[in-house]
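Right, one structure below, let's go through it.
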Amino acid sequence: MNIILIGSDGAMGKVVTDISKELGHQVIAGLQSTEETEQPFPIATNFDDLTQVVEGLDLKPEVMIDFSTPQLTEELLAFAVAQKLPLMLATTGQNEEQEQVIQEASKSVAILDTHNTSIGVNVMQEVSKHLSKVLYPLGYDIEIIEKHHRYKKDAPSGTAKMLLDSVEEGMSESATKVYGREGIGEAREHQEVGLHAIRGGDIVGEHTIIFANNQETLEITHRAGSKELFARGAMAGAEFLINQAEPGIYSMNDIF
């Protein structure tokens with residue numbers, strides 16, 4: 001694949017570049033925040049310049065991979081539509097308005113929109129949906145805990161929200177969302193799902209779903225050992241996208 005990498009100077013940028021080479025793909029252009037970080041491919045710091053970079057390429061780009069910032073989402077989607085390029089959208093933290101823009105752009109190009117490119121996390125989604133369907137009606141309470149490094153800006157994480165969606169699907173109703181707890185109040189209601197965010201050190205990413213009743217507790221935890229697993233998942237998503245004939249919104253679960 002010939003890849004345009006959005007966020008090429010970010011924490012995931014170098015990892016994606018290295019993994020793409022290992023898998024026989026190549027990043028042929030990148031967009032990043034500064035020109036000070038040198039790359040083995042042409043770069044731009046804004047989408048107007050990136051358009052000129054693409055026009056000057058000998059190779060034709062086939063897909064974009066985005067590990068950047070939600071502040072770029074609208075411009076990124078406009079660029080993808082203008083270039084008619086499928087988009088592996090792995091950036092998290094978009095607001096509701098941006099999610100609507102993503103849906104609109106998916107009418108023109110194929111977009112794999114995910115908050116986590118880990119294969120294990122996406123399996124965890126399916127498992128948590130099934131467990132919620134079985135255990136919630138039996139009186140089990142559900143809590144979600146996520147841990148990340150000190151530099152992560154959004155909380156709770158996009159993955160925690162993704163897992164919450166799966167839990168609610170299994171519950172067959174909307175949860176009363178509680179973001180952390182403090183003070184003295186009434187006892188927990190069964191319909192509540194607590195979301196708790198921990199930030200510290202260099203934690204790559206850890207997510208736990210707890211199912212608890214008066215007799216037992218069941219926990220499912222996913223721990224990311226390195227950023228490499230996210231790059232490999234993004235590559236699998238990009239490979240999937242370039243083989244899709246139709247525009248639309250896709251998820252990691254469509255790959256498997």
Within the set of pairs 6+ apart or on separate chains, which have a first residue in the stretch 133-153 that is closer than 20 Å to Gly201 by Cα and surrounded by 13 or more Cβ atoms within 10 Å (Cβ to Cβ), a second that is modelled with pLDDT of 95 or more and among the hydroxyl-bearing types (Ser, Thr, Tyr), and C-beta atoms under 6 Å apart?
Ile145/Thr208
Contact list please: Cβ distance under 6 Å, first residue in the stretch 233-246 and touching a residue at least 60 places away in the same chain (Cβ under 8 Å) and closer than 9 Å to Pro86 by Cα, second residue β-branched (Val, Ile, Thr) and open to solvent by less than 40 Å² (accessible area, probe 1.4 Å), pairs at least six apart or on different chains.
Ala238/Val63; Ala238/Ile65; Leu241/Val63; Ile242/Val63
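Just checking, which of Gly225, Gly248, Gly201, Gly194 is at pLDDT below 95 and either of a type in the set (Gly, Ala, Ser) or in contact with a Lys or Arg (Cβ under 6 Å, 6 or more places away or on another chain) (or both)?
Details: Gly248 fails: at pLDDT below 95; Gly201 fails: at pLDDT below 95; Gly194 fails: at pLDDT below 95.
On inspection, the qualifying residue turns out to be Gly225.
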Any idea which residue in the stretch 225-254 is surrounded by the fewest Cβ atoms within 10 Å (Cβ to Cβ), counting only those that are over 19 Å from Leu23 (Cβ atoms) and of a type in the set (A, V, I, L, M)?
Ala245
Tell me which residues, restricted to the stretch 154-174, are crowded, with 19+ Cβ neighbours inside 10 Å and hydroxyl-bearing (Ser, Thr, Tyr).
Ser157, Thr159, Ser166
Condition met for Gly56 (free of Cβ contacts under 8 Å to residues at least 40 places away in the same chain, on the phi > 0 side of the Ramachandran plot and surrounded by fewer than 16 Cβ atoms within 10 Å (Cβ to Cβ)):
no
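Which is closer than 18 Å to Ile249 by Cα and either loosely packed, with under 12 Cβ neighbours inside 10 Å or at pLDDT below 95 (or both), of Thr92, Thr37?
Of the residues listed, the single one that is closer than 18 Å to Ile249 by Cα and either loosely packed, with under 12 Cβ neighbours inside 10 Å or at pLDDT below 95 (or both) is Thr92.
So, in the stretch 183-213, how many residues would count as being over 23 Å from Lys161 (Cβ atoms) and either free of Cβ contacts under 8 Å to residues at least 60 places away in the same chain or crowded, with 16+ Cβ neighbours inside 10 Å (or both)? Show your work before the answer.
Taking the stretch 183-213 and keeping what is over 23 Å from Lys161 (Cβ atoms), we get 183-187, 213.
Now drop any that are not either free of Cβ contacts under 8 Å to residues at least 60 places away in the same chain or crowded, with 16+ Cβ neighbours inside 10 Å (or both), which leaves 183-187.
Number satisfying all stated conditions: 5.
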Yes or no: the stretch 101-124 includes at least one residue that is in contact with a Phe, Trp or Tyr (Cβ under 9 Å, 6 or more places away or on another chain), among the polar types (S, T, N, Q), at pLDDT 95 or above and more than 27 Å from Asn243 (Cβ to Cβ).
no
Unmet criterion (only one of (1) farther than 29 Å from Ser106 by Cα; (2) out of contact with any strand residue (DSSP E or B) (no Cβ under 6 Å at 6 or more places or on another chain)) for Val193
(2)
Examine the stretch 18-33 for a residue that is outside any strand (DSSP E or B), touching a residue at least 12 places away in the same chain (Cβ under 8 Å), open to solvent by less than 20 Å² (accessible area, probe 1.4 Å) and under 20 Å from Arg232 (Cβ atoms), and state whether such a residue exists.
yes
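Every residue, every condition in (1) farther than 22 Å from Thr114 by Cα; (2) open to solvent by 40 Å² or more (accessible area, probe 1.4 Å), yes or no:
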position: Asp49; (1), (2): yes, yes
position: Pro61; (1), (2): no, no
position: Thr69; (1), (2): no, yes
position: Ala78; (1), (2): no, yes
position: Val81; (1), (2): no, yes
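The values are calculated or read from the model by the stated rules, or taken from the named source; none is laboratory data. Note that the structure is predicted; figures quoted are calculated from it, not measured. Please note: Cβ atoms are built from the backbone with ideal geometry, for glycine as well, and neighbour counts cover all protein chains shown. Just the protein is used for accessible areas: all its heavy atoms, side chains included, with ligands, DNA and RNA removed. Shrake-Rupley method; radii C 1.70, N 1.55, O 1.52, S 1.80 Å.
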